[in-house]
Amino acid sequence: MFENSWNKLTLNVNYQVRTQQLYTDKQHSHYSNYQKYLYELCTDLRDNQKLTYKQISQRLNEMNIKSCRNKTLKNTHVFSILKKGKIREERNKNRKSHLDYSFEDKLKNCYISYEKV
């Protein structure tokens, strides 16, 4: 009734997925906690205390706060932190929800093949 041989079974599935959503929420967050801290600190000093970029850099250096690459902060660094942080906030604010993206999926073909070993 049963042969004394082995069979190799293979399940072949071809599944197609189409979506406009390229990233997950975790992939959007490239800022480290320290970068977020620096941005919030610079924003506070700029908006609430009305300090210039140079005054902010001097204040941060007095507090012994370094850049993300452990360098002394200059006014150009502060400008860049604020500029890029605002761009990031705008991008995140305008980002669509995952529900706004179209999504299609279909099983194109599926079959089992076998061969004697």
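Summary table
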item	result
Check on residue 46, assigned to a helix (DSSP H, G or I) and closer than 30 Å to residue 18 by Cβ	no
Subset tally (residues that are of a type in the set (A, V, I, L, M, F, W, C) and either in a helix (DSSP H, G or I) or touching a Lys or Arg at 6+ places or on another chain (Cβ under 6 Å) (or both)) for segment 49-95	7
Residues located in segment 79-96, provided they are in contact (Cβ under 8 Å) with a residue 24 or more places away in the chain and of a type in the set (A, V, I, L, M, F, W, C)	79, 81, 82
Enumeration of residues in segment 44-78 that are surrounded by 12 or more Cβ atoms within 10 Å (Cβ to Cβ), in contact (Cβ under 8 Å) with a residue 12 or more places away in the chain and farther than 22 Å from residue 33 by Cβ	52, 53, 54, 74, 75
Where a residue in segment 6-24 is more than 13 Å from residue 105 (Cα to Cα) and its partner, wherever it lies, is of a type in the set (Asp, Glu) and modelled with pLDDT of 75 or more, with Cβ under 9 Å and at least six apart	7/115; 8/115; 9/115; 10/115
Count of residues meeting criterion [within 31 Å of the chain's Cα centre (by Cα) and of a type in the set (Lys, Arg)] in segment 103-117	1
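The values are calculated or read from the model by the stated rules, or taken from the named source; none is laboratory data. A quick note: this is a predicted structure, and the numbers were derived from the prediction, not measured. Reconstructed Cβ throughout: ideal geometry from the backbone, glycine too, with neighbour counts over all protein chains shown.
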